[in-house]
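Structure, as structure tokens:
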Amino acid sequence: MLAAYALPAFPAAALGLPLLIYLPTFYADATGLGLAAIGGVLLAARLWDVAIDPTIGWLSDRTRTRWGRRRPWLVAALPLVLAASFMLFDPPAGAGAVHLLVWTMLAYLGWSMLQIPHQAWGAELSGDYAERNRIAAWRESMTVAGVALAAALPALAGPLGLAPPDAPPEGAALRILFWANLILLPLAGVLLLRCVPEPPPVPPAPGFGAAVGWALLRSNAPFRILVVGYLFNGVANALPATLFLLYAGDVLGARGMEGALLFVYFLAGIASVPLWLRAAKLWGKHRTWCAAMLANCAAFAPVPFLGAGETFGFLIVCLATGLCFGADLALPSSMQADVVDVDTAGGGGQRAGLYFAIWAVAGKLALAAAPAIAFPLLDAAGYVRGAAGTGGHMALAALYAWVPVAFKLASVALMWNFPLDAARQARLRAEIESRTDTP
């Protein structure tokens, strides 16, 4: 059942990554739009994306059909995601900024309709503290596998004969991903709908309304702590992702090896998930996550001292930080499901969709914050892309490694004494189940 639940995350992530990485370059080459215009369009689409998430989460929680609450959203999302992907990845002649804006907004709408109900569904599959780790680990590992495939495809398309030698690798990768997902995404959706049960919702307490619901959300202390810690850790992860190609190319001089380095990182992350799940049984989720973040800081701290040609040393860093990344895959998402129990036990019903929508917003804000922090500081430091031996290289290395370390340490400081452990979560579940069983 866990594999059937997690499988849609694989093709969805493989389609989602190009919207962040390949689309700007592809549209600049294919349509002649300037980078400034493309950046403005994508910023507007991202603001739309952030704005719609809470509405989708709220509506998903309130959906009542004979097929369940989450299923109808996923069924509606699949054709929208595929249609928007096709129009974005294979633009017609004369496509310009309006085409890019409309179809990117629709792609983000479909993505949110798929992702938020899917994550909320996973939170509702089990109330067990440890089992939620396994559910989140399966889903997030599938997500990372999809991201790794999409990241590697431009480098593989030519050698595998999947693209003409003179074709831009981004365009070839986008077309391959679309046609593969035209099969994989519906297939994964069918398996999910047929094989995974959707538990009945826990009704809210009598008299529950918008004012009571907002007050309950604001009073949820574990939620407030976790969402800020999640945001800090998200910025810490987004900064290296944003600067990776610049750091590998200009500081290490490792152009052409970026795919191999990323592959090691992602593979180590997926492989380490079972180890972090075992550790969480011994230490609890929040302490295990903190230990992983501290280990990541220790591995990342020496990175600014690496120089040109020291690719092997950086490969060791990728391996070490990838092993730590495995905890990021499984534990925060599992803790999010536990935090929803505080709301449910307080009388809010089962509002997992709303909570996961807020976390989605936090994750997207982290992605938006990374370039907003990094690029102005790089510009102020005098960094010039491709210029060897400039003083901006040290600023690039520090932004790549030390600033993320600071954000991770801030997250650890917040999360170390997180107030929701296994014992408290078990009491919350007992309270929820006793109220549900009462005639």
Conditions (1) over 29 Å from residue 272 (Cα atoms); (2) part of a helix (DSSP H, G or I) -> residue 350 fails only (2)
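One line per residue, one yes/no per condition, for (1) more than 22 Å from the chain's Cα centre (by Cα); (2) at pLDDT 90 or above; (3) surrounded by 22 or more Cβ atoms within 10 Å (Cβ to Cβ):
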| site | (1), (2), (3) |
| --- | --- |
| 69 | yes, yes, yes |
| 97 | yes, no, no |
| 112 | no, yes, yes |
| 120 | no, yes, yes |
| 132 | no, yes, yes |
Note to self: Being surrounded by fewer than 16 Cβ atoms within 10 Å (Cβ to Cβ) and not acidic (Asp, Glu) is the requirement here; does residue 55 meet it?
What the structure shows: yes
Exercise. Just a yes or no: is a residue in region 267-279 assigned to a helix (DSSP H, G or I), among the basic types (Lys, Arg), over 18 Å from the mean Cα position of the chain (by Cα) and buried (at least 22 other Cβ atoms within 10 Å of the Cβ)?
Worked result: no
Result of the Cβ filter at 7 Å on region 325-340, keeping first residues that are touching a residue at least 60 places away in the same chain (Cβ under 8 Å) and partners that are crowded, with 24+ Cβ neighbours inside 10 Å and not in a helix (DSSP H, G or I), at least 6 apart or interchain, is 338/129; 340/351
Note on region 319-347: residues more than 18 Å from residue 412 (Cα to Cα) and surrounded by fewer than 23 Cβ atoms within 10 Å (Cβ to Cβ) are 319, 320, 342, 345, 346, 347
Could you tell me whether any residue of region 235-251 is within 30 Å of residue 57 (Cα to Cα) and hydroxyl-bearing (Ser, Thr, Tyr)? yes
Contact list, first residue from region 125-137 and in contact (Cβ under 8 Å) with a residue 60 or more places away in the chain, second anywhere and acidic (Asp, Glu), beta-carbon distance below 7 Å, six or more apart or interchain, is 129/338; 132/338
(1) in contact with a helix residue (DSSP H, G or I) (Cβ under 9 Å, 6 or more places away or on another chain); (2) surrounded by fewer than 21 Cβ atoms within 10 Å (Cβ to Cβ); (3) farther than 26 Å from residue 10 by Cα all hold for residue 260 apart from (3)
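Kindly state which helices (runs of 4 or more DSSP H) lie completely within region 1-85 and contain at least 1 residues that are polar (S, T, N, Q) and either closer than 30 Å to residue 344 by Cα or touching a residue at least 12 places away in the same chain (Cβ under 8 Å) (or both).
Numbers: elements: 2-6, 9-20, 22-31, 35-62.
By residue number, 22-31, 35-62.
The values are calculated or read from the model by the stated rules, or taken from the named source; none is laboratory data. Just so you know, these numbers come straight off a predicted model, no measurement behind them. Cβ coordinates were reconstructed from backbone atoms using ideal geometry, including for glycine residues, and neighbour counts include every protein chain displayed.
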